[in-house]
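A.B. asks: One structure follows; several queries about it will come next.
Every number here is computed from the coordinates shown, using simple stated rules; none is lab data. It should be emphasised that the depicted structure is a prediction, and the values quoted were computed from it without experimental measurement. No Cβ is skipped: glycine too gets one built from the backbone with ideal geometry, and neighbour counts run over all protein chains shown.
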Amino acid sequence: MDVLHTLDIGGWNDRPSREEQDRAALALESGTVLYFPRLAFLLDEDERALLTSGVSDGKAKNVSLTPNGKLRGTSCTGAAAGSLKNMIERFAERAAHLVAALVPAYEGRLQRASTSYRPVEIAGRTASAIYDDTRLHVDAFPSRPMRGRRILRVFSNINPDGAPRVWRVGEDFEAMARRFLPAAHEGSRAWAHVLRTLGITKDVRSRYDDLMLSLHDGAKRDDNYQRSSPQTEIRFPPGSTWICYTDQVMHAALAGQYVLEQTLHLDVGAMVAPERSPLRILERLRARALI
């Protein structure tokens, strides 16, 4: 399976050619992972002390920095917390700049969500099927309805010991959707408003959000699908960066430690080709509007 589109970019401020931009946009919106084998996120000297699982508070999976600057999930205090926040913030700025340079149509249209640092080894964690990120899935979140907006993520492996971040990438979104859509559930619109009023969800779930959650859960719970569906293993080495739409790319993170990640949201209308979005694909398959 051809799941990677490789770009030979070595600097976060590099400006790709128009031809490279066009190819990157097509690959990204078609559900391919953009891969930058030479694009390393370099740490400042004081930040090297943060390369330990001890910076996690042991409760959250990741250390995160909210868009309003709040640091969560860390045991660090004082100067160490300041260094951690600066490192994550610097990555956030570079990641957003990189995406806008790759796809100029997105510039000024990207909404920054949380930035995370993942200092804990993912292999060996125990979780129920729907919370197990080592199982193939597309991103969909019960409390955060997207209402069609895209989930774009930038990852960079900063592991100091040479260990790769190991992923599996599965079949294309429409093939997966056709498999699980017949059993997918669309909840009551009235109940969606109740969930929002009670603060259980941050916005009102749309039919699109219900379907995406059903696809997420259906794929994760299906042991046969996890074993036998088309999938490719990818090993992202330290010093590399990759980007994909995680609401579209079937992915599973199997192993790895010390990764930075930036989440960006984008309205479907800001895409180069909105018809490639999960929203438009599901609307075509359902033959009606879902928002």
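A.B. asks: Residue by residue through the stretch 218-242, note down the ones that are in contact with a helix residue (DSSP H, G or I) (Cβ under 7 Å, 6 or more places away or on another chain), surrounded by 19 or more Cβ atoms within 10 Å (Cβ to Cβ) and touching a residue at least 60 places away in the same chain (Cβ under 8 Å). Write out each step before concluding.
C.D. replies: The initial filter retains those residues of the stretch 218-242 that are in contact with a helix residue (DSSP H, G or I) (Cβ under 7 Å, 6 or more places away or on another chain), namely 218-221, 225.
Cutting the leftovers down to surrounded by 19 or more Cβ atoms within 10 Å (Cβ to Cβ) gives us 218-220, 225.
Within the stretch 218-242, A219, K220, Y225 meet the criteria.
A.B. asks: Within the stretch 170-179, does at least one residue satisfy the condition of being of a type outside the set (G, A, S), outside any loop (DSSP other than H, G, I, E, B), without any contact (Cβ under 8 Å) to a residue 40 or more places away in the chain and surrounded by 15 or more Cβ atoms within 10 Å (Cβ to Cβ)? Reasoning before the result, please.
C.D. replies: The first filter runs over the stretch 170-179 and keeps only residues of a type outside the set (G, A, S), leaving 171-174, 176, 178-179.
Narrowing further to those that are outside any loop (DSSP other than H, G, I, E, B): 173-174, 176, 178-179.
From what is left, the residues that are without any contact (Cβ under 8 Å) to a residue 40 or more places away in the chain are none.
No, the stretch 170-179 contains no residue that is of a type outside the set (G, A, S), outside any loop (DSSP other than H, G, I, E, B), without any contact (Cβ under 8 Å) to a residue 40 or more places away in the chain and surrounded by 15 or more Cβ atoms within 10 Å (Cβ to Cβ).
A.B. asks: Restricting to strands (runs of 3 or more DSSP E) lying wholly in the stretch 224-286: which have 2 or more residues that are of a type in the set (F, W, Y)?
C.D. replies: Values: elements: 231-236, 241-245, 251-255, 259-266.
Qualifying strands (runs of 3 or more DSSP E): 241-245.
A.B. asks: Further question: Just a yes or no: is a residue in the stretch 250-271 among the β-branched types (V, I, T), farther than 19 Å from A113 by Cα and in contact (Cβ under 8 Å) with a residue 60 or more places away in the chain?
C.D. replies: Here is the first cut: in the stretch 250-271, the ones among the β-branched types (V, I, T) are 259, 263, 268.
Within this subset, residues satisfying the condition of being farther than 19 Å from A113 by Cα are none.
No, because not a single residue in the stretch 250-271 is among the β-branched types (V, I, T), farther than 19 Å from A113 by Cα and in contact (Cβ under 8 Å) with a residue 60 or more places away in the chain.
A.B. asks: Of all strands (runs of 3 or more DSSP E) completely enclosed by the stretch 1-95, which ones contain at least 1 residues that are of a type in the set (S, T, N, Q), without any contact (Cβ under 8 Å) to a residue 60 or more places away in the chain and surrounded by fewer than 19 Cβ atoms within 10 Å (Cβ to Cβ)?
C.D. replies: Counting at least 1 such residues, we get 4-6.
A.B. asks: Hey, another quick one. Quick one: in the stretch 115-140, which of the residues that are among the small types (G, A, S) and out of contact with any Asp or Glu (no Cβ under 9 Å at 6 or more places or on another chain) is surrounded by the most Cβ atoms within 10 Å (Cβ to Cβ)? It would help to see each step written out before you state the result.
C.D. replies: Of all residues in the stretch 115-140, those among the small types (G, A, S) come to 116, 123-124, 127-129, 140.
With the extra rule that they be out of contact with any Asp or Glu (no Cβ under 9 Å at 6 or more places or on another chain), the set shrinks to 123-124, 128.
On the way: A123: 11, G124: 8, S128: 8.
Across the stretch 115-140, the extreme among qualifying residues is A123.
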